[in-house]
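Accompanying notes for the structure given below.
The values are calculated or read from the model by the stated rules, or taken from the named source; none is laboratory data. For clarity, every value in this text was computed on a predicted model and none was experimentally measured. Cβ coordinates were reconstructed from backbone atoms using ideal geometry, including for glycine residues, and neighbour counts include every protein chain displayed.
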Amino acid sequence: MTRDRDPAGRPRNARPRDALGRPLDPAGGPGPGSGAAGTDRIPDDLVITGAEAAALADRLLRDGRPFHAHEVLEAAWKSGPASERDLWQGLAQIAVGLTHARRGNARGAVALLSRGAERVRGYQAGVGSQRAVERSASPFGMNVDVFLAAADDLAARIERDGLDGIPPADLSPGLLAGA
């Protein structure tokens, strides 16, 4: 079977996925969700502005779809300026941490939530030549400080108590200020 590739030759993953990003068996074989159409995919070649990425990622996170939010945030880091890379990469890592938590992987959740929060804090500290407005706690309307506090709190709770007592709402933090 030949893998789908973009015009530059990079592999694409067109396989249908469930709401948590797990691949589905398109042939209808054994396994949960087998043969299902899957959820809407984020295009591999998405080019998105920071404000658009923040709004879409916020909606996906609040809808309990952190894997898809991660794909949007990844697109923002790939298509945005280098000065914003740590912001988008860190936010994407937090979204992956939330994905791990929803999939029942406590160790992966703690690692990615913590790593992502640390990367975003590095961005906020103004490493390099970033402008002061880029280092604000609300780039693109996001409430980064509140989002980081939620990620830190969630990582600590999961590390201390595991995933069993975590309410689903705590795995769906909002990213936008005032939303």
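Here His100 fulfils each of the conditions (1) at pLDDT below 95; (2) within 27 Å of Asp170 (Cα to Cα); (3) of a type outside the set (Val, Ile, Thr) apart from (1). Pro139 falls short on exactly one of the conditions (1) at pLDDT below 95; (2) within 15 Å of the chain's Cα centre (by Cα), and that condition is (2). Answer yes or no: is there a residue in region 79-94 that is in contact with a Pro (Cβ under 8 Å, 6 or more places away or on another chain), in the same structural domain as Leu154 (by TED's automatic domain parsing), part of a helix (DSSP H, G or I) and within 20 Å of Ala150 (Cβ to Cβ). Looking through region 79-94, at least one residue is in contact with a Pro (Cβ under 8 Å, 6 or more places away or on another chain), in the same structural domain as Leu154 (by TED's automatic domain parsing), part of a helix (DSSP H, G or I) and within 20 Å of Ala150 (Cβ to Cβ).
Run down Gly50, Gly64 and say which single residue is farther than 21 Å from Tyr123 by Cβ and not basic (Lys, Arg). Spell out the reasoning first.
Numbers: Gly50 fails: farther than 21 Å from Tyr123 by Cβ.
Criteria check complete, one pass: Gly64.
Every listed requirement among (1) more than 27 Å from Ala156 (Cβ to Cβ); (2) surrounded by fewer than 21 Cβ atoms within 10 Å (Cβ to Cβ); (3) modelled with pLDDT of 90 or more is met by Leu56 save one, (2). Taking region 148-179 as the range and being surrounded by 15 or more Cβ atoms within 10 Å (Cβ to Cβ) and under 12 Å from Leu61 (Cα atoms) as the test, the residues that pass are Asp170, Leu171, Ser172, Pro173, Gly174, Leu175, Leu176.
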